[in-house]
Amino acid sequence: MRLTCVTGRKSQAAFRRAVILSAAVLAVCSTRAHAAGAPIPHGTLELIAEKQWIAAGHPFNLALRFELEKGWHIYWVNPGDSGEPPRVTWDLPAGIKAGAIEWPAPRRLGTPTIVDYGYEDAVTLVVPMHADATLSSQNAAQIAANVKVLVCREMCIPGKAQVSLTLPVKLQPPPASAQSTQFFTEARKAWPRPVPASWKFAIAQTSDSFVLTANLGHKITDVTFFPLAESQVSNASPQTLVPTATGFTLTLRKSDQLLKPIARLKGILVLSGEQPYSIDVPIAKPGGAAGAISSKQMRDQSIPE
């Protein structure tokens, strides 16, 4: 949420009115969320809240809102061949806990030989929070985030910023913030979804590749896979797509840094004209047949990060 409190230079009568108005505005500033933006290399960072206050005993959402100059980018949780994702350390009052960042689907960035995964222009990283039922409504909650970020174009510049806001604590459900709602809505559209229940996936492997087969019930002609973990898939190698009548096969070259076998391949599938989807598929042993796995089995067998 953004709120700017401004007074100007006026005549004596107007000045008295400004003092009264300023007092009223300051009262609003003390009881509503106030986000202080901070500069980062080639951009800005804000901490924003989805709602106008915190309801004790209920979850709520904050977000780190990055706005970058044209051509500059930051990184996804798996940065690819170089870089690192934003790191955040929270300074929270007793009774409030921070969850893990909800990462939107990234873009492929870089050159033909070095491919990174990240975000250009602007991105909103939503962070789920929880407030204990014992949180007192007598005092507003002061929340701060210390963020380390790497901002890159042809070169990379490390940056640090502290962003903060103050939110009242109340018993009743909070209304949405008119200033922030759009950012949270846009962020959710880019979140990977669970795959539909009817879809089935299997992964076979050769000595140098993973072969993902998908049965979706319809033909797919454009697919990009983003591996969740580093050093499993060769980021810069072509992802070879063969459309089928009911889906596709996608060949992913193994990373040269993959030194031990892995049991599952996790990541995000971005299909042409559709939302991004999360997948977590067991891998058949080299030379073995890959058994198909449904979306329900994918959820049941998923291994926590």
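The values are calculated or read from the model by the stated rules, or taken from the named source; none is laboratory data. Just so you know, these numbers come straight off a predicted model, no measurement behind them. Please note: Cβ atoms are built from the backbone with ideal geometry, for glycine as well, and neighbour counts cover all protein chains shown. All accessible areas refer to the heavy atoms of the entire protein, side chains included, with ligands and DNA or RNA removed. Shrake-Rupley method; radii C 1.70, N 1.55, O 1.52, S 1.80 Å.
Restricting to the stretch 40-76, and then to whatever is acidic (Asp, Glu) and surrounded by fewer than 20 Cβ atoms within 10 Å (Cβ to Cβ), can you tell me which residue is farthest from Arg153 (Cα to Cα)? Working first, answer last.
In the first step, residues of the stretch 40-76 are kept if they are acidic (Asp, Glu); the result is 46, 50, 67, 69.
Next, only the ones that are surrounded by fewer than 20 Cβ atoms within 10 Å (Cβ to Cβ) stay: 67, 69.
Details: Glu67: 14, Glu69: 10 Å.
The selected residue is Glu67.
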- [ ] Filter the stretch 21-57 down to residues that are in a loop (DSSP other than H, G, I, E, B), touching a strand residue (DSSP E or B) at 6+ places or on another chain (Cβ under 6 Å) and modelled with pLDDT under 95 and give me whichever is nearest to Lys148 (Cα to Cα).
- [x] Gly37
TODO: Give the stretch 84-105 a look and list any residue that's assigned to a loop (DSSP other than H, G, I, E, B), surrounded by fewer than 20 Cβ atoms within 10 Å (Cβ to Cβ) and small (Gly, Ala, Ser), or say none.
DONE: Ala94, Gly95, Gly99, Ala100
Task: Residue satisfying condition, being in contact with a Ser or Thr (Cβ under 9 Å, 6 or more places away or on another chain) and not hydroxyl-bearing (Ser, Thr, Tyr), within set Ala197, Ala176 - done: Ala197
TODO: Say whether the condition of being over 13 Å from Val211 (Cα atoms), within 26 Å of the chain's Cα centre (by Cα) and in the same structural domain as Asn215 (by TED's automatic domain parsing) is met by at least one residue in the stretch 242-255.
DONE: yes
- [ ] Select, from Phe210, Phe184, the only residue that is in contact (Cβ under 8 Å) with a residue 12 or more places away in the chain and within 26 Å of the chain's Cα centre (by Cα).
- [x] Phe184
- [ ] Sort out which residues of the stretch 241-272 are free of Cβ contacts under 8 Å to residues at least 12 places away in the same chain and within 17 Å of Phe201 (Cα to Cα), and write them in order of number.
- [x] Val242
Open item on the list: The conditions are (1) in contact with a Leu (Cβ under 7 Å, 6 or more places away or on another chain); (2) modelled with pLDDT of 95 or more; (3) surrounded by 15 or more Cβ atoms within 10 Å (Cβ to Cβ), and Pro158 fails exactly one of them. Which is it?
Closed with: (3)
Open item on the list: Let me confirm something: among Ala176, Ala204, Ala187, which residue is open to solvent by less than 60 Å² (accessible area, probe 1.4 Å) and more than 30 Å from Ala122 (Cβ to Cβ)?
Closed with: Ala204
Task: Matching residues in the stretch 161-173 - criterion: being exposed (fewer than 15 other Cβ atoms within 10 Å of the Cβ) and either without any contact (Cβ under 8 Å) to a residue 12 or more places away in the chain or in contact with a His (Cβ under 8 Å, 6 or more places away or on another chain) (or both) - done: Pro173
